[in-house]
Amino acid sequence: MKTISILGSTGSIGTQTLEIVRRNEDLKVAAISAGRNIRLLEQQIREFRPRLAAVWSEKDAKELRVATADLGTEIVCGMEGLEAVASCKESELLVTAVVGMIGIVPTVTAIRAGKDIALANKETLVTAGHIIMPLAREAGVKILPVDSEHSAIFQSLNGENRSRISKLLLTASGGPFRGKKWADLEKMQVEDALRHPNWSMGQKITVDSATLVNKGLEVMEARWLFGVELDQIQVVVQPQSVIHSMVEFADGAVIAQLGTPDMKLPIQYALYYPDRRYLAGDRLDFAKLGSITFEEPDTETFPGLSWAVEAARIGGSMPTVFNAANERAVSKFLRREIGFTDIYRIIRECMDAHRSVSDPDIRQILETEQSVYDMIESRW
């Protein structure tokens, strides 16, 4: 029996993680958390009977305590609640499925408590990779990637000498606006951006895929996960989303991980690593597939990718600025307060206004995040 906890159990990754738990009798849930979706969280508590559940506000916690009074689950709230879920003593592994920099502090707490991390919260490494990875090595815990691209690289590296990596090839579908130009992007609405051709994901990451910001965040994350230089990471557009990513080695060999676009595969791989379990679902039919094609990313129309690399090269607090600006801009776009291309304008304006702090600690990272939010709210 393996016992896990989940930060963000009501989101896309969280609910798919619970689908896997539902299908496997040797997985048990010790603790879960949600932001504001307490109705779904109550249903999850009733089905999976965790010892602990966390929500953000005390008001929601009080309501949930009343709704689940017959179950015996302890209900906690706020950042202390997230940290309690992260460090739950019964749990062996924490799935970090929350969106945004709210995942940093509980991830650190989990590592210090000796929990392995199934990492779906890319912002944690984007903004605090220089803290997280050394801490994980010191604590002897595994950071197991859940993003499909990073999981593909992780799987391709099994049994290989990482010092022989020549290049990581991160694949991208190109998103719903692949092939369009800037004039087209200026007309795009929320519904257009959420119409991803291949993947079923949460709203924020789907918009990030439309801007190619998501691929930039993945470049920053891959740098920390696999200990490579930025120049060793190449993004390749692979519209069919069949090759999830590849590794090129010093001798020129390229190893890739392929599969249907189903997030349950990398989630389950992280939960059971190094074992592989049966997973129901479609299988690749190469005869029907016919061809797999590749393109260079269009960074002129979609500058989010090149700006992410720029932020990573500057380093220090600049990746936090890039991430926080995008996070708030996407939120505004989803609320229809700004247009699609305004996401780029906000990111660029915030990066240009920031003087980077070298080697920031967690307090400085969170202060930088707040200063970016304040700037955006004052100007947009």
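Taking the condition within 21 Å of Ala97 (Cβ to Cβ) and modelled with pLDDT under 95, does Met201 pass? Full working, then the answer.
Numbers: within 21 Å of Ala97 (Cβ to Cβ): yes; modelled with pLDDT under 95: yes.
In short, yes.
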Check Thr368, Thr299, Thr341 and return the single one that is of a type in the set (Ser, Thr, Tyr), free of Cβ contacts under 8 Å to residues at least 60 places away in the same chain and outside the structural domain of Gly129 (by TED's automatic domain parsing). Thr368
Mind telling me which of the residues Leu366, Leu305 ends up being under 12 Å from Val213 (Cα atoms), of a type outside the set (Ser, Thr, Tyr) and in a helix (DSSP H, G or I)? Leu305
Output the number of residues of region 150-165 satisfying the condition of being among the aliphatic types (A, V, I, L, M) and free of Cβ contacts under 8 Å to residues at least 12 places away in the same chain. 0
Selection from region 189-204 of residues that are buried (at least 18 other Cβ atoms within 10 Å of the Cβ), touching a residue at least 40 places away in the same chain (Cβ under 8 Å) and either assigned to a loop (DSSP other than H, G, I, E, B) or touching a Lys or Arg at 6+ places or on another chain (Cβ under 8 Å) (or both): Met201
Quick check on Gly129: is it within 19 Å of Leu217 (Cα to Cα) and modelled with pLDDT under 95? no
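Table: residues versus (1) over 19 Å from Gly304 (Cα atoms); (2) part of a strand (DSSP E or B).
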{"site": "Thr206", "(1), (2)": "no, no"}
{"site": "Ala210", "(1), (2)": "no, no"}
{"site": "Met220", "(1), (2)": "no, no"}
{"site": "Asp231", "(1), (2)": "no, no"}
{"site": "Gln234", "(1), (2)": "no, yes"}
{"site": "Pro239", "(1), (2)": "no, no"}
{"site": "Val247", "(1), (2)": "yes, yes"}
{"site": "Gly252", "(1), (2)": "yes, no"}
Within region 8-36, tally of residues that are modelled with pLDDT of 95 or more, assigned to a loop (DSSP other than H, G, I, E, B) and surrounded by fewer than 18 Cβ atoms within 10 Å (Cβ to Cβ): 3
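Given the criteria part of a helix (DSSP H, G or I) and not basic (Lys, Arg), does Pro319 qualify? Give the steps one after another, and end with the answer.
Working: part of a helix (DSSP H, G or I): yes; not basic (Lys, Arg): yes.
Yes; evaluated as a whole, the condition is true for this residue.
The values are calculated or read from the model by the stated rules, or taken from the named source; none is laboratory data. These numbers come from a predicted model, not from an experiment. When we count neighbours, we look across all protein chains shown, and the Cβ atoms used for this are built from the backbone with ideal geometry, even at glycine.
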